[in-house]
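These notes concern the structure reproduced below.
The values are calculated or read from the model by the stated rules, or taken from the named source; none is laboratory data. Quantities reported herein were computed from a predicted structural model and do not represent experimental measurements. Note that each Cβ is placed from the backbone with ideal geometry, even for glycine, and that neighbours are counted across all protein chains shown. Accessible surface areas use protein heavy atoms only, side chains included; no ligands, DNA or RNA. Shrake-Rupley method; radii C 1.70, N 1.55, O 1.52, S 1.80 Å.
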Amino acid sequence: MFIHNPVMVAQVLSYLSIESDDIVVDCTLGEGGHSSHFLQKVNKGTVLGIEQDAGILESAVSRLKEHRDTFIPVRDNFSNLKIIVSGKIGKKVDKIFFDLGVSMYHIKKSGRGFSFSKDEPLDMRLDLARSLKGMDVVNRFDQKKLAEIIWAYGEEKFSARISHLIIRERAQKPITTSIQLADIVKKGIPRKYWPKNIHPATKTFQAIRIFVNDEIEILEKALKDGIDSLKPGGRIGVISFHSLEDRIVKTVFRELNKGCICPADFPVCVCGKKRSLKVLTKKPLTPDEGEKNENPASRSARFRCAVKIQPVVKAAINREKEIA
Ligand SMILES: C[S@@+](CC[C@H](N)C(=O)[O-])C[C@H]1O[C@@H](n2cnc3c(N)ncnc32)[C@H](O)[C@@H]1O
């Protein structure tokens, strides 16, 4: 009944260290795979599950119905995290979790053109209230903009050739389905450069999906809002599947892991910067070989986790010291 296998569950549970009275915010509820594990642990607290896709949210609600006393589902975008937490919880929370990207539900069941192996309308929206679809991007944007998107969000070396072909093909006939786009991309990449383990259209599809759903632009602020919403001692865990996302997570964690940045010979701090995070994963954790073999979709997962700390100003020197 549920298509998506939650990834890296053991590592997520171990690093988030969930207690029975915790308030946990799952910012990417999906089919509720991770939240079902959180709810096993939380029997006196709350799991707040945020999901922008009404269809998948419905299946999570049905999956988690036995936890109706401890589970709060919300259909919204995690870019509104602070407003959602203050409206539904009204205080700081213990754990924040993100499992970024799309679910297997989207690829296999939604019928919205996320997969190049099925002929579906090229929609690619996670939230059907958005106006821009994948087919609008490929039929309306100029070649320069298309190449920029395919390069920036897909890191596709043949972005210029692919965008040139998109313009040429759409002059004959609008590009409205996933297979149509996949065939154009295949023509745009010389066969000797086709990747060995993935479909040649993977990167282009990923790029257009990320653009349509504004997945990268909102991430930095959402992470910072999440960290702001944590109690001291609270933890944030993030699974990403894309190098751009992982770079954003790493950069935000690093920035908040640093305190005063005044030169070492300044007697007092003038920058006012306080360390607010202690990173628990120096390098991102990855799934073990067993999980990768059992669930190939987990292959590119990267998990990072950090704990919020309470900055303390030391009066004599006025430089901060942190306690975790
Ligand atoms: C990888 S799946 C999560 C799977 C989930 N952890 C599970 O085990 O079932 C990511 C989910 O996050 C949702 N999502 C992605 N970006 C979002 C956003 N900005 N706001 C709310 N939901 C989002 C997607 O619609 C998708 O259902």
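Highest average first, the peptides 205-212, 297-304, 80-87 ordered by how many other beta carbon atoms sit within 10 Å of their residues are 205-212, 297-304, 80-87. The angle between the Cα long axis of helix 159-172 and the longest principal axis of the Cα atoms of the chain comes to about 50 degrees, rounded to the nearest 10. Residue-wise HN-Hα couplings along the stretch 59-68, as the Karplus relation 6.51 cos²θ - 1.76 cosθ + 1.60 with θ = phi - 60° gives them from phi, are 6, 5, 4, 5, 4, 9, 4, 5, 9, 4 Hz; Gly and Pro carry x. As a fraction of the 1.4 Å probe accessible area of the chain, surface on carbon and sulfur atoms comes out at 51 percent.
For the stretch 70-95, there are no residues whose amide N sits under 12 Å from a probe point set 7 Å from the Cα of residue 278 along the beta carbon direction. Relative to the longest principal axis of the Cα atoms of the chain, helix 178-188 runs at roughly 80 degrees.
Estimated purely from DSSP H runs of n ≥ 4, each contributing -39500 (n - 2.57), the mean residue ellipticity at 222 nm for the chain is -11000 deg cm²/dmol once divided by its residues.
For the stretch 6-50, the residues whose amide N sits under 17 Å from a probe point set 7 Å from the Cα of residue 257 along the beta carbon direction are 15-16.
Under the criterion of Cα pairs below 8 Å and six or more residues apart, the relative contact order for the stretch 1-145 equals 23 percent.
Summarising the label geometry, the points placed 7 Å from Cα in the beta-carbon direction at residue 293 and residue 171 lie 5.2 nm from one another. May I ask for the distance between the Cα centers of the stretch 192-252 and the stretch 99-150, given as a whole number of Å? One Cα centre to the other: 16 Å. Checked against a 21 Å cut-off, the cross-linked pairs 91/250; 108/133; 108/224; 41/109 give Cα-Cα distances beyond that limit for 91/250; 108/224; 41/109. Taking θ as phi - 60° and the Karplus parameters 6.51, -1.76 and 1.60, the scalar couplings of the stretch 274-291 work out to 10, 5, 10, 9, 10, 7, 8, 10, 4, 10, x, 7, 10, x, 6, 4, x, 5 Hz in sequence order, x denoting glycine and proline. Residues 282, 186, 41, 65 ordered from highest to lowest accessible area at a 1.4 Å probe: 282, 65, 41, 186. Taking 0.36 nm per residue of separation and subtracting the current Cα-Cα distance, fully stretching the chain between residue 247 and residue 118 would add 43.3 nm. For residue 71, the amide hydrogen comes within under 5 Å of the amide hydrogens of 47, counting only partners 5 or more places away or on other chains and with H modelled in the peptide plane. Secondary structure note: in the chain, about 45% of the DSSP beta bridges are antiparallel. On full extension, the segment bounded by residue 228 and residue 14 gains 74.8 nm, given 0.36 nm per residue less the C-alpha separation. Per residue, the accessible area of the stretch 109-212 comes to 51 Å² when a 1.4 Å probe rolls over the protein heavy atoms.
Rounded to the nearest Hz, the phi-derived 3J(HN,Hα) couplings of the stretch 45-56 under the Karplus curve 6.51 cos²θ - 1.76 cosθ + 1.60 (θ = phi - 60°) are x, 9, 10, 9, x, 9, 8, 8, 9, 4, x, 6, where x marks glycine and proline.
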